[in-house]
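Student: Pasting in a structure now, in structure tokens, and then I'll have a few things to ask.
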């Protein structure tokens, strides 16, 4: 899997926000709405996470640790030596090993994999969801929910979420790809108390002397 897609998966899972739909599972909608409030009402959310990619037989292919910080629609994520940030207007993907940054526009028509902010406004249009039940993992009591994309053209068919019952925050998630691969996202720790300036999410060329800028934005 390409680094950019790994970054997209991480951002999608940590941006998950929901609005209950009476035509769907009402209990699931209330749990998901609680997760939305945790994300939106916090001054910012900083998360240390692990992504595990495995085959259909659950043989581990690879494992990556990363960090993600969010504030509203803005985010900054670091994984595999690459830093990607969105300041509300442009996406900056910085590769320090070659000191290069690529600037691009968010793809408004690319769906959730390209623009995770759509989860705040179009979630009910994108997924059907239901509460499977409650379970215990790592000593935590969790809600287990299944989500299925309405659009069958997505490259995944199921997203399984595990949400903490005590604080309604994301514990882990699993994306089941149509290619037979499984992508597991684990939240190792999180902090939703810090107040960060918007400038934190803006790529500053002055902080990277000699950086090569590839501007692909309009």
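The values are calculated or read from the model by the stated rules, or taken from the named source; none is laboratory data. Small disclaimer: the values here were computed from a predicted structure and weren't measured. Because the Cβ atoms are built from the backbone with ideal geometry, glycine has one as well, and the counts that use them run over all protein chains shown.
Student: Scan segment 65-79 for residues that are at pLDDT 85 or above and surrounded by fewer than 17 Cβ atoms within 10 Å (Cβ to Cβ) and report the count.
Tutor: 2
Student: Inside segment 41-67, can you point out the residues that are more than 10 Å from residue 181 (Cα to Cα), in contact (Cβ under 8 Å) with a residue 60 or more places away in the chain and not in a strand (DSSP E or B)?
Tutor: Those that are more than 10 Å from residue 181 (Cα to Cα), in contact (Cβ under 8 Å) with a residue 60 or more places away in the chain and not in a strand (DSSP E or B): 42, 43, 44.
Student: Would you check if there is a residue in segment 47-59 being modelled with pLDDT of 85 or more, buried (at least 18 other Cβ atoms within 10 Å of the Cβ) and over 26 Å from residue 150 (Cα atoms)?
Tutor: Checking segment 47-59: at least one residue is modelled with pLDDT of 85 or more, buried (at least 18 other Cβ atoms within 10 Å of the Cβ) and over 26 Å from residue 150 (Cα atoms).
Student: With a cut-off of at least 3 residues that are within 21 Å of residue 78 (Cβ to Cβ) and at pLDDT 90 or above, name the strands (runs of 3 or more DSSP E) lying wholly within segment 147-218.
Tutor: In segment 147-218, the matching strands (runs of 3 or more DSSP E) lie at 182-191, 212-215.
Student: Also: Quick one: is residue 115 more than 21 Å from residue 28 (Cβ to Cβ), modelled with pLDDT under 90 and buried (at least 17 other Cβ atoms within 10 Å of the Cβ)?
Tutor: So residue 115 fits the description; yes.
Student: One residue is enough: does segment 197-205 have a residue meeting the conditions without any contact (Cβ under 8 Å) to a residue 40 or more places away in the chain, surrounded by 11 or more Cβ atoms within 10 Å (Cβ to Cβ) and under 24 Å from residue 71 (Cα atoms)?
Tutor: So far as segment 197-205 goes, no, none of its residues is without any contact (Cβ under 8 Å) to a residue 40 or more places away in the chain, surrounded by 11 or more Cβ atoms within 10 Å (Cβ to Cβ) and under 24 Å from residue 71 (Cα atoms).
Student: With the requirement that a residue be under 17 Å from residue 190 (Cβ atoms), without any contact (Cβ under 8 Å) to a residue 60 or more places away in the chain and within 18 Å of the chain's Cα centre (by Cα), what does segment 124-166 give you?
Tutor: If the condition is that a residue be under 17 Å from residue 190 (Cβ atoms), without any contact (Cβ under 8 Å) to a residue 60 or more places away in the chain and within 18 Å of the chain's Cα centre (by Cα), then 162, 164 are the ones that fit.
Student: Answer yes or no: is there a residue in segment 7-20 that is over 17 Å from residue 167 (Cα atoms), over 12 Å from the mean Cα position of the chain (by Cα) and at pLDDT below 85.
Tutor: Within segment 7-20, one or more residues are over 17 Å from residue 167 (Cα atoms), over 12 Å from the mean Cα position of the chain (by Cα) and at pLDDT below 85.
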